[in-house]
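Have a look at the structure below, then the notes.
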Amino acid sequence: MKDNIKQYQSNLIKTIKNIKIEDIEKIATAFIEARDNGKTIYTIGNGGSGSTASHMVCDITKGCSFNKKKRYKMFCLNDNIPTILAYSNDVSYDVVFEEQLKNVLQEGDVVLAISGSGNSKNIIRAVNYAKSVNAKIIGMTGYNGGLLKKLSDISLNANIDDMQISEDIHVIVMHMLYKLLENE
């Protein structure tokens, strides 16, 4: 087990060191601009990425907004379980985020999409819709970034063929964003 633990640690450290600081700064700037311009930030993801999307909204809307004059308008679309189940059952899981965005997304809003592979159909459909209304797309991916990396205005790619380390990187970056935004 020790060798496996050491290998995981080594891969995690190597991957976090390869993340471009400029990409994190770009995401923080996009969040600040959305806040300052009265725009809304929507987060989406599946599985562990969905958990990160939800966690990010909690941290930013409470930790970076409480008792502040400028507050973030931020919502995680995968937290609306009944709506996701209704679309999944009646239409297709592929539309669960796209259809929710059609109800609320405005030009200039931000969609932060998290996908390990970068190829999840429901994420790509939502991103394509968001692009059609001139929303800003932030993609957080693993592996080679897939289609999401190509479609994103701002891309943060863990660039490792390991889902767990990709998810670790996304959570670490999320907490970096929190620290950047908390006292901004």
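Here are some notes:
- Test for Lys2: is it open to solvent by 60 Å² or more (accessible area, probe 1.4 Å), among the basic types (Lys, Arg) and touching a strand residue (DSSP E or B) at 6+ places or on another chain (Cβ under 9 Å): no
- Summed over segment 46-89, the residues that are open to solvent by 70 Å² or more (accessible area, probe 1.4 Å) and touching a Ser or Thr at 6+ places or on another chain (Cβ under 6 Å) give a count of 3.
- Options Thr43, Thr29; residue that is of a type in the set (S, T, N, Q), assigned to a helix (DSSP H, G or I), open to solvent by less than 80 Å² (accessible area, probe 1.4 Å) and under 28 Å from Glu184 (Cβ atoms): Thr29
- Qualifying position, being open to solvent by less than 10 Å² (accessible area, probe 1.4 Å) and either touching a strand residue (DSSP E or B) at 6+ places or on another chain (Cβ under 6 Å) or touching a residue at least 40 places away in the same chain (Cβ under 8 Å) (or both), among Leu112, Leu180: Leu112
- Pairs linking a residue in segment 152-173 that is under 14 Å from Gly139 (Cα atoms) and open to solvent by 20 Å² or more (accessible area, probe 1.4 Å) to a residue that is among the basic types (Lys, Arg) and part of a helix (DSSP H, G or I), with Cβ atoms under 8 Å and 6 or more positions apart or on different chains, are Ser155/Lys149; Asn157/Lys149.
- Looking across segment 126-184 at every residue that is at pLDDT 95 or above and among the acidic types (Asp, Glu), the one that is farthest from Gly116 (Cα to Cα) is identified as Asp153.
The values are calculated or read from the model by the stated rules, or taken from the named source; none is laboratory data. Please read these numbers as outputs of a predicted model, since none were measured by experiment. We place every Cβ from the backbone using ideal geometry, glycine too, and count neighbours over all the protein chains shown. In case anyone asks, the SASA skips ligands and DNA or RNA and just uses the protein heavy atoms, side chains included. Shrake-Rupley method; radii C 1.70, N 1.55, O 1.52, S 1.80 Å.
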